[in-house]
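First up is the structure itself, then whatever we jot down about it.
None of the figures in this text is laboratory data; all of them are computed from the coordinates on show. Please read all numbers here as calculations on a predicted model, not as lab measurements. Cβ: placed from backbone, ideal geometry, glycine included. Neighbour counts: every protein chain shown.
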Amino acid sequence: MVTIVIDGRKVKAKEASTVLETARELNIAIPTLCYHKDLSPFGACRLCAVEVKTNGTWHLAASCVTPVVEGMEIKTDSDTVRESRQIAAKLLFHRYPETEAVRQVARELGVTVPERKGEKHECILCGLCARTCNEIVGVKALNFEDRGVGRDVETPRIKFDPNACIGCGSCAFVCPTGYVSMEQKGDKRIIWDKVFKMVPCSVCGRYFAPEDQLRYISEKTGVPMSELTVCTSCR
Ligand code: SF4
Ligand code: FES
């Protein structure tokens with residue numbers, strides 16, 4: 001454990017935890033858009049800004065990627081913090097003015113958001129889908145393109161590998177904007193424009209999982225396909 005001071009309160013925090021995790025344990029609200037507790041932090045949206053004092057100097061930091069260290073002082077609600085979060089929200093809103101997830105967080109942070117009819121489901125490059133695919137599912141079907149040394153950093157995008165995708169739909173579930181859509185039509189599931197054959201439950205007959213996903217689970221676990229064809233409701 002380390003001792004820190006957060007918003008004037010002296011508290012113990014878990015070593016190697018982040019400022020955001022510590023704040024959440026203390027029920028201190030910090031806005032986020034690219035963070036998920038089960039995924040590695042990414043530091044893309046900058047909405048989670050806090051002020052931290054290290055070596056005698058206050059500076060702004062993204063709380064989701066900043067580990068707590070012994071003696072650290074943190075402000076989560078100063079004027080500087082509020083201004084920084086509002087600037088981040090304005091930038092996002094400027095870029096994605098018709099995306100509800102962005103509009104909502106911008107509103108919450110005091111940005112004037114005019115009424116608008118209709119909605120766009122844009123990719124805000126939060127990276128949640130790619131991290132879920134890589135870190136939780138483990139198939140690496142989604143990755144950032146145009147990131148890294150020598151690349152055009154202005155135009156990153158999510159690259160889909162149809163050969164790796166198993167159609168599990170985790171990316172659609174985690175995407176905050178609805179950009180990743182998943183459609184189910186009878187025995188077909190369509191995601192990222194790839195069509196997957198669905199398997200019916202051997203008890204109730206409901207199409208419940210893509211064949212590719214069950215095959216992947218079978219290969220990973222050694223459980224035969226024939227034992228995986230019962231849906232969760234009938235198990
Ligand atoms: S597709 Fe959705 S989850 Fe993936 S980076 Fe874009 S907004 Fe985030
Ligand atoms: S939640 Fe920390 S940068 Fe997005």
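For this structure, a couple of remarks:
- Between Thr3 and Glu115, the distance separating the two model label sites (each 7 Å from Cα on the Cα→Cβ line) works out to 5.5 nm.
- Our coupling estimate for region 191-201, obtained by passing each phi through the Karplus curve with A = 6.51, B = -1.76, C = 1.60 and θ = phi - 60°, is 8, 6, 6, 9, 9, 10, 7, 8, 9, x, 5 Hz, Gly and Pro reported as x.
- Selection from Cys126, Gln104, Gly167, by position along the positive dipole direction of the chain (Cβ): Gly167
- Sorting the segments 179-191, 156-168 by their mean number of nearby beta carbons within 10 angstrom, highest to lowest, gives 156-168, 179-191.
- Acute angle (nearest 10 degrees) that the helix 211-221 long axis makes with the longest principal axis of the chain, alpha-carbon atoms: 70
- Diffusion constant of the chain at 10 °C, which comes from Stokes-Einstein with the Kirkwood Cα-pair radius and 1.306 mPa s, µm²/s: 78
- Each residue of region 45-54 was assigned a 3J(HN,Hα) from its phi angle through the Karplus expression (A = 6.51, B = -1.76, C = 1.60, θ = phi - 60°), giving 7, 6, 6, 8, 4, 9, 9, 10, 10, 10 Hz with x at Gly and Pro.
- Surface/4 of the Cα convex hull for region 167-235, nm²: 5.0
- Considering only Cys45, His94, Ile74, the residue lying farthest towards the positive end of the dipole of region 36-100 is His94, judged by Cα position with unit charges set on Cβ.
- Residues whose placed amide H lies under 5 Å from that of Cys201, excluding near-sequence neighbours: Arg206, Tyr207, Phe208
- Three principal axis lengths of region 1-106 [C-alpha, angstrom, descending]: 43, 30, 21
- Annotation: amide H of Lys159 within the under-5 Å range of Asn143, Phe144, Glu145, sequence separation 5 or more or interchain, hydrogens built in the peptide plane.
- Couplings 3J(HN,Hα) of region 167-172, computed from phi: x, 5, x, 4, 5, 5 Hz, in residue order, whole Hz [Karplus 6.51 cos²θ - 1.76 cosθ + 1.60, θ = phi - 60°; x for Gly and Pro].
- Rounded to 10°, Cα long-axis angle of helix 79-95 versus longest principal axis of the chain: 40
- When DSSP beta bridges are restricted to pairs lying wholly in the chain, around 95% turn out antiparallel.
- Each peptide in 45-51, 222-228 was scored by the mean count of other Cβ atoms within 10 Å over its residues; highest first, the order is 45-51, 222-228.
- When the C-alpha to C-alpha distance is required to be over 23 Å, the pairs from Lys117/Lys159; Lys90/Lys117; Lys197/Lys220; Lys14/Lys75; Lys117/Lys188 that qualify are Lys117/Lys159; Lys117/Lys188.
- Placing a pseudo-label 7 Å from each Cα along the Cα-to-Cβ vector at Lys188 and Trp58 gives an inter-label distance of 5.9 nm.
- Given +1 at the Cβ of Lys and Arg, -1 at the Cβ of Asp and Glu and no other charges, the dipole of the chain around its Cα centre is 260 debye to the nearest 20.
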